[in-house]
Amino acid sequence: MRRGFTIIELAYVIAVMALLTAITVPTYRFIVLRAHATEVRATLHTIAHAEQQHFRDRGAYVSCPPEGEIPTDPVPWTARPCWDALHIEVNDAVRYRYGVELVDGSFVVIAEGDLDGDGRSSSYRLDGRTLHLDVEGGLR
């Protein structure tokens, strides 16, 4: 009658666990970064939609320059008069610094963030005329 496992059997189990860990950890990190990139896209489109509604109702776009440092960790949304004018309110923490620039009779919505804390920021720019999104250094 045999009791327990041999050292070879334990080594195989540890090797399989190490292989699974090596595969899943980078995949998990990519999935998390992809979810954070989804946040920025949704928020940019929400701001652009609010700008279009404001222009329709009042005949002007609202400028809202980005303020503060580019975040490396989630930060609370900062209520400002320009966001209030657009009726933009975010209840959760955000990973990007948002702003709106007025350009040639239209607007550009900007988001900047450093998701992985490596000192290189990602920049997203949504053109108010075409709703085309330009991405630099972020997930597409």
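With the charge dipole of the chain set up from +1 on Lys and Arg Cβ and -1 on Asp and Glu Cβ about the Cα centre, the Cα lying farthest toward the positive end among the listed residues Val94, Ala37, Leu20 is that of Leu20. Counted by Cβ distance under 15 Å from Asp84, the other residues give a net charge of -2, where Lys and Arg count +1 and Asp and Glu count -1. Phi-derived couplings, Karplus 6.51 cos²θ - 1.76 cosθ + 1.60 at θ = phi - 60°, listed residue by residue for segment 61-77: 8, 10, 7, 8, x, x, 10, x, 6, 6, x, 10, 10, x, 10, x, 5 Hz, with x used for Gly and Pro.
The Cα atoms of the chain define a convex hull whose projected area, averaged across directions, is 12.4 nm².
Note that segment 120-126 has calculated 3J(HN,Hα) couplings of 10, 8, 9, 10, 10, 10, 10 Hz, one per residue in order, obtained from phi through the Karplus relation 6.51 cos²θ - 1.76 cosθ + 1.60 (θ = phi - 60°); glycine and proline are x. Taking the Cα centre of the chain as reference, the dipole from Cβ charges on Lys and Arg (+1) and Asp and Glu (-1) amounts to some 700 debye. With each pseudo-label sitting 7 Å past Cα toward Cβ, what's the Val75-Ala93 distance in nm, one decimal? Calculated label separation equals 1.2 nm. Sorting 83-92, 42-51, 21-30 by their mean Cβ neighbour count within 10 Å, with the most densely packed peptide first, gives 42-51, 83-92, 21-30. The string of couplings for segment 94-103 from the Karplus curve (6.51, -1.76, 1.60, θ = phi - 60°) is 10, 10, 10, 9, 10, x, 10, 10, 8, 9 Hz, one whole number per residue in order, with x for Gly and Pro.
A short reminder: the numbers here are calculations on the coordinates, not readings from a lab. Predicted model, so just to flag it, every value in this text is computed and none were measured. Here the Cβ is made from the backbone with ideal geometry for all residues, glycine too, and neighbour counts use every protein chain on show.
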